[in-house]
Amino acid sequence: MFFHTFNKIRTKLGIIMEANLQKVFNNTNYSSQKKKKNFNF
């Protein structure tokens with residue numbers, strides 16, 4: 001559901017906003033990976 005909406009929004013916003021969203025997702029993925037590493041004992 002989320003990705004369907006995201007794809008519609010991404011098409012409207014265009015390349016610049018897509019690049020900004022990509023940065024946000026990269027940062028989110030990076031932080032979640034750091035959290036996962038913290039839980040590995």
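The values are calculated or read from the model by the stated rules, or taken from the named source; none is laboratory data. Predicted, not measured: the structure shown is a model, and the values here were computed from it. Virtual Cβ from ideal backbone geometry, glycine too; neighbours counted across all protein chains shown.
Tabulated results
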read-out	value
Odd one out for residue 37, checked against (1) surrounded by 10 or more Cβ atoms within 10 Å (Cβ to Cβ); (2) at pLDDT below 75	(1)
Residues of the range 9-18 satisfying the condition of being surrounded by fewer than 10 Cβ atoms within 10 Å (Cβ to Cβ) and part of a helix (DSSP H, G or I)	11, 12, 15, 16
Test result for residue 20, at pLDDT 75 or above and not charged (D, E, K, R)	yes
